[in-house]
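Here's the structure we're looking at; comments come further down.
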Amino acid sequence: MPISLASPSRVYPDSIRRRLLKGMGANVLGQVINLCSRLILVPLSLHAWGANVYGEWLVLSSFVAYLSLTDMGGQLYIVNRLTQAYAQKDNLLFRRVLHTGLALFLILPTTVFLIFVTTISVISPESILQITHTDHQTVVWVIGLLAFQLVFSLPQGILLGVYRAVGLLARGVMLANLLQILQLFLTAGILWNGGGMVWVAGAQIIPSFLIACLALIELNQRFPQFSLFSLKDARVSLGKTFIKPSFHFLSIQLSYSFSIQGTILVVGALLGSVQVVVFSTIRTMANVMRQLLGLISHTAWPEMTRLDSERDGVKLFILFRVILRSTLLMTTVLAILLHYWGGTLYHLWLGESVPYQQGVMDLFLVYVLQQVFWTASSNLLMAINHHHALAKALLASSVMSIALAFLGGHYFGIEGVVTGIIASDLLLPCWYVPFLLMQYEPHFSSTFYMKEIGPAVAGFIIALLIPWSVPVVFALFLFWWIQCLPGQGLLLKRWA
């Protein structure tokens with residue numbers, strides 16, 4: 001009998017393949033909408049407000065964005081728990097986790113919002129934030145309205161997470177896409193008509209409220225057994241169990257942020273503002289490869305959680321291998337293209353205003369390639385709530401990366417900074433994160449990792465050393481990738 005990746009029950013819609021394809025399509029659409037928002041709203045804002053006021057809007061938005069830390073990593077953990085409970089067909093546990101999560105994310109953001117609004121009403125936030133072109137009343141209203149979105153966004157995140165938990169990821173993502181579209185149209189319309197900051201901040205609340213209500217009504221109709229209009233199964237004792245694993249998720253998020261922002265500060269302190277621009281813009285181009293991993297991993301996350309809950313190590317191994325090899329293939333191809341044509345793209349993007357440095361780009365390509373490799377493993381560890389040791393390792397790695405970047409930059413300039421980051425990755429997460437996965441699941445052996453990363457590394461080196469070999473390398477990459485797909489006779493005959 002061929003092995004099937006479809007769920008043995010009728011609980012989930014479609015097969016894994018169809019769910020992944022739908023989810024990937026929805027996530028790609030979301031990225032397109034996000035890109036359109038950036039392209040449309042920036043020039044409209046500059047036209048309506050001018051550079052000074054728009055800059056102050058960005059400052060106010062960034063200031064309020066820190067309130068999102070109120071989540072404390074809880075959404076990721078709660079949605080993982082919901083996915084596990086649904087896979088185990090435990091409706092009582094599902095209701096308890098869901099009701100406890102909703103209660104927590106209704107009470108907590110409301111409390112934070114009230115404290116925050118009280119604070120900004122008695123102080124002068126514009127003096128703290130160096131706001132000089134916007135009056136005090138407008139600043140208070142804008143900050144208050146932006147903060148009020150938090151009251152809807154956190155419970156809304158749990159509701160959209162239910163779609164992920166029950167195998168309807170694509171629908172949940174499409175609702176999030178609808179939210180982005182509504183906010184884009186409302187904001188663009190207000191800016192087009194010369195509306196001010198307060199109108200824009202207020203308009204962003206309306207779509208959040210509508211999407212939260214729509215998700216609540218639809219989920220209650222589809223799954224009346226979840227009792228979404230009641231929080232009677234919320235448990236304080238269960239909520240306490242959320243704290244530690246949620247803080248580990250928060251620690252991982254903070255580690256990434258600390259490393260990203262810290263290296264910028266290092267470059268600025270050692271090398272000056274021009275090198276900061278070079279460093280950040282080239283890193284932005286190279287990070288396109290990481291965004292591919294994010295799309296794939298975000299789509300496959302609930303499936304990995306489910307398969308782990310069902311103790312189906314073989315299917316989990318198959319799915320992870322497809323994710324890892326697909327990511328390695330696409331990122332390596334992009335790295336080769338950026339090596340040869342990165343300078344052209346860079347100048348098309350920024351003109352001649354910022355100098356392009358090929359050596360810095362090549363070092364960033366190496367860094368992102370190795371980061372994509374171990375991040376794929378870290379995403380699986382987080383999807384199965386096995387992320388405690390991971391959180392500690394990434395925190396240590398972020399501190400090490402800042403220290404080595406400082407040493408490298410002090411002696412070797414901007415290329416030394418990137419080399420220091422590469423060294424930090426090699427010293428800890430590049431081997432330790434896969435090791436954590438090996439300890440959890442025996443299928444993920446060192447031999448498995450060597451077979452997966454070996455062809456990618458070899459192809460990358462050959463393409464860089466022998467330019468005319470690039471088409472051949474790409475063709476071999478495609479053949480190598482096809483071999484890992486279900487239906488090719490390696491581990492199973494077909495997707496069900």
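In this structure, does S246 turn out to be among the hydroxyl-bearing types (S, T, Y), more than 30 Å from A393 (Cβ to Cβ) and either modelled with pLDDT under 90 or surrounded by 19 or more Cβ atoms within 10 Å (Cβ to Cβ) (or both)?
Criteria not met by S246.
Check off (1) in contact with a helix residue (DSSP H, G or I) (Cβ under 7 Å, 6 or more places away or on another chain); (2) open to solvent by 10 Å² or more (accessible area, probe 1.4 Å); (3) hydroxyl-bearing (S, T, Y) for T344 and give me the number that stays unchecked.
Of (1) in contact with a helix residue (DSSP H, G or I) (Cβ under 7 Å, 6 or more places away or on another chain); (2) open to solvent by 10 Å² or more (accessible area, probe 1.4 Å); (3) hydroxyl-bearing (S, T, Y), only one is false for T344: (1).
Can you run down the residue pairs with Cβ atoms below 7 Å, 6 or more apart or on separate chains, where the first is in region 229-249 and polar (S, T, N, Q) and the partner is open to solvent by less than 30 Å² (accessible area, probe 1.4 Å)?
S246/G73; S246/G74; S246/Y77
So, in region 109-141, how many residues would count as being surrounded by 17 or more Cβ atoms within 10 Å (Cβ to Cβ) and more than 30 Å from Q75 (Cβ to Cβ)?
Residues in region 109-141 being surrounded by 17 or more Cβ atoms within 10 Å (Cβ to Cβ) and more than 30 Å from Q75 (Cβ to Cβ): 4 in total.
State yes or no: is I120 among the β-branched types (V, I, T) and more than 22 Å from the chain's Cα centre (by Cα)?
Taking the combined requirement at face value, the residue satisfies it.
Restricting attention to region 262-313, and to residues there that are of a type in the set (S, T, N, Q) and within 15 Å of V417 (Cα to Cα), which single residue is least open to solvent (accessible area, probe 1.4 Å)?
Only one residue fits best here, namely T263.
Which one is modelled with the lowest pLDDT among residues in region 284-340 that are of a type in the set (K, R) and assigned to a helix (DSSP H, G or I)?
Filtering first and then ranking leaves R290.
Would you check which residues across region 458-489 are surrounded by fewer than 16 Cβ atoms within 10 Å (Cβ to Cβ) and within 27 Å of the chain's Cα centre (by Cα) and list them?
Answer for region 458-489, where residues must be surrounded by fewer than 16 Cβ atoms within 10 Å (Cβ to Cβ) and within 27 Å of the chain's Cα centre (by Cα): L478, I482.
What's the number of the only condition in (1) farther than 18 Å from N27 by Cβ; (2) in contact with an Asp or Glu (Cβ under 9 Å, 6 or more places away or on another chain); (3) surrounded by 20 or more Cβ atoms within 10 Å (Cβ to Cβ) that G167 fails to meet?
Of everything listed in (1) farther than 18 Å from N27 by Cβ; (2) in contact with an Asp or Glu (Cβ under 9 Å, 6 or more places away or on another chain); (3) surrounded by 20 or more Cβ atoms within 10 Å (Cβ to Cβ), G167 misses just condition (1).
When you check V97 against the structure, is it assigned to a helix (DSSP H, G or I) and open to solvent by 40 Å² or more (accessible area, probe 1.4 Å), yes or no?
Answer is no for this residue.
The values are calculated or read from the model by the stated rules, or taken from the named source; none is laboratory data. Source: prediction; values computed, not measured. Note that we place each Cβ from the backbone using ideal geometry, even for glycine, and neighbour counts take in every protein chain shown. These area figures cover heavy atoms from the full protein model, side chains too; ligands, DNA and RNA do not enter into them. Shrake-Rupley method; radii C 1.70, N 1.55, O 1.52, S 1.80 Å.
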